[in-house]
Ligand SMILES: NC(=O)c1ccc[n+]([C@@H]2O[C@H](COP(=O)([O-])OP(=O)(O)OC[C@H]3O[C@@H](n4cnc5c(N)ncnc54)[C@H](OP(=O)(O)O)[C@@H]3O)[C@@H](O)[C@H]2O)c1
C-alpha cells in the first residue's frame, strides 16, 4: 500500500522531468549555440537529455533572450548543471521543521547546500540527527511559539544574527489538527480558536515579520525571495469532523497565498508565493491512522494512484517551488500532491 520507492530528488530523477524530444520539437542546435551563456551539455549526456539541452540552447539563441535583463548574474539559469535549483547558500526558514514533513523539507534544503533555520515548538530531538549529518553550518534549530508576535520577532533576530544572514526563503509548514473528530455543532469555541490561532494567525505573524524584514534587505536577498505554504487536501475538499483544520488550510492556500503573491512584489519584484496541498502523508503523527484499513480505503477510494504519500513526495516539490532558478515565473499556485484524488468518499454502499 505505502510506496517506499519514491523519487529522491537525485540528479537523474530530476533530469527526467525535462521535456522529452517530442515535447520540444526536432530542431537541432547549430554549433554556434554552444555558447557559455547557455546551458552546457555535459560530455556524458549524449542521449535525449543532451539533445533537449541543445534544443533549449537553440531556443534561447533564436529568441535573442538577454538573460541579464531578468536574472542577476548569480541566478541565471543554466550556469551550472541543468536542474541545479540554485539554492546553495540560501537561508531558508522552515517552520514546524521537527515534524514528519518538516524534517524531510529541512533535509532536502540542507542537501541542496542551503542554510536552514529549523523551527520547532516543543521537540528538537528529531532534528539532532540531521544537524549531526549536515553540520551546524547548514542547519540550526530554533524554538518559538509562533502565535506570539514577540517570540516570532526574536526567532528572526536569532536566525538572522548568525552567519546565515537574512532569510531568503520562508516555508510555512507548522500546523496542528485536533485529535478528536467532531462535527461543527460539537466543536468548542476554544478548540476552534486554538486551531485557527496555531495554523492561520501564527502564519500571518510569521509571514508579516518575514515581509517587514524583506523590505529592508538589499536586492540580492529580495531576488531569491519565495514563500511556500503547506496546505492540505482538507483545504481543497473540506474534512468532516475537522472543519477547524480544513478552514485554516483553505484560508492559507487560497485567501492568504493569493493576496500575498500580489503584495510581495511591491517590496521584492521577483518574489513569489505558492502553496502545496498534500493528501494523506505517512509521518509519525499520521502513521497510526494510516494503519487503519477503513481510513485508508476512504482516502484512496477517489485516488487513481492508490497510495498515500511519503514526506519524500512532498519535500522536492517544496524545494522546486522555492527555487527562483526553476520556478521564477510561478506564483499564486496551489500544487496538490494527492495522487490525483478527486474528492471525498462520503457514503459507502452499506450507508445508502
Ligand atoms: N501528514 C499528513 O498526512 C498531512 C496531510 C496534509 C497536510 N499536512 C500538512 O503538512 C504539514 C506538516 O505535517 P506533519 O504531518 O509533518 O505534522 P507533524 O509531524 O505533526 O509536525 C507538526 C509541526 O508543527 C509544529 N507545531 C505544532 N504546534 C505548534 C505551535 N503551536 N506552534 C508552532 N509550531 C507548532 C510541531 O512542532 P513540535 O513537534 O516541536 O512541537 C511540528 O514541528 C502541516 O502543515 C500539515 O497540516 C500533513
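Of the conditions (1) within 10 Å of the ligand (Cβ to nearest atom); (2) more than 30 Å from residue 247 (Cα to Cα); (3) surrounded by 20 or more Cβ atoms within 10 Å (Cβ to Cβ), residue 125 satisfies every one except a single condition; which number is it? Every listed condition holds for residue 125 apart from (3).
Screening segment 254-310 for helices (runs of 4 or more DSSP H) wholly inside it with 1 or more residues that are farther than 14 Å from residue 230 by Cβ, out of contact with any helix residue (DSSP H, G or I) (no Cβ under 7 Å at 6 or more places or on another chain) and within 16 Å of the ligand (Cβ to nearest atom) returns the ranges 287-290, 293-300. Quick check on residue 170: is it within 26 Å of residue 320 (Cα to Cα) and within 12 Å of the ligand (Cβ to nearest atom)? Taking the combined requirement at face value, the residue does not satisfy it. Apart from one condition, residue 147 fits all of (1) in contact with a helix residue (DSSP H, G or I) (Cβ under 6 Å, 6 or more places away or on another chain); (2) closer than 22 Å to residue 311 by Cα; the exception is (2). Please verify whether residue 207 is more than 9 Å from the ligand (Cβ to nearest atom), assigned to a helix (DSSP H, G or I) and buried (at least 16 other Cβ atoms within 10 Å of the Cβ), treating the condition exactly as stated. Considered against the rule, which asks whether it is more than 9 Å from the ligand (Cβ to nearest atom), assigned to a helix (DSSP H, G or I) and buried (at least 16 other Cβ atoms within 10 Å of the Cβ), residue 207 comes out as yes. Residue 130 satisfies every condition listed in (1) away from the ligand (no atom under 16 Å from the Cβ); (2) closer than 24 Å to residue 283 by Cα except (1).
Every condition in (1) farther than 30 Å from residue 243 by Cβ; (2) within 16 Å of the ligand (Cβ to nearest atom); (3) surrounded by fewer than 16 Cβ atoms within 10 Å (Cβ to Cβ) holds for residue 142 except the one numbered (3). Among the criteria (1) in contact with a helix residue (DSSP H, G or I) (Cβ under 6 Å, 6 or more places away or on another chain); (2) in contact (Cβ under 8 Å) with a residue 40 or more places away in the chain; (3) within 13 Å of the ligand (Cβ to nearest atom); (4) assigned to a helix (DSSP H, G or I), the one residue 228 does not fulfil is (4). Considered as a group, the residues in segment 211-225 that are part of a loop (DSSP other than H, G, I, E, B) and in contact (Cβ under 8 Å) with a residue 12 or more places away in the chain include one that is farthest from the ligand (Cβ to nearest atom), and that residue is 223. Residue 246 meets the conditions (1) buried (at least 16 other Cβ atoms within 10 Å of the Cβ); (2) touching a residue at least 24 places away in the same chain (Cβ under 8 Å); (3) within 16 Å of the ligand (Cβ to nearest atom) in every case but one. The failed one is (2).
So which of 163, 153 is away from the ligand (no atom under 12 Å from the Cβ) and more than 24 Å from residue 267 (Cβ to Cβ)?
Numbers: 153 fails: more than 24 Å from residue 267 (Cβ to Cβ).
Criteria check complete, one pass: 163.
Taken over segment 173-190, the residue count meeting the criterion of being within 16 Å of the ligand (Cβ to nearest atom) and either assigned to a loop (DSSP other than H, G, I, E, B) or within 28 Å of the chain's Cα centre (by Cα) (or both) is 9. Within segment 86-98, the set of residues being away from the ligand (no atom under 16 Å from the Cβ) and in contact with a helix residue (DSSP H, G or I) (Cβ under 6 Å, 6 or more places away or on another chain) comprises just one member, 86.
Since every read-out is calculated from the coordinates, none of them should be taken as a lab result. Everything numeric in this text was worked out from a predicted model, so none of it was measured. Every residue, glycine among them, receives a Cβ derived from its backbone with ideal geometry; neighbour counts consider all protein chains shown.
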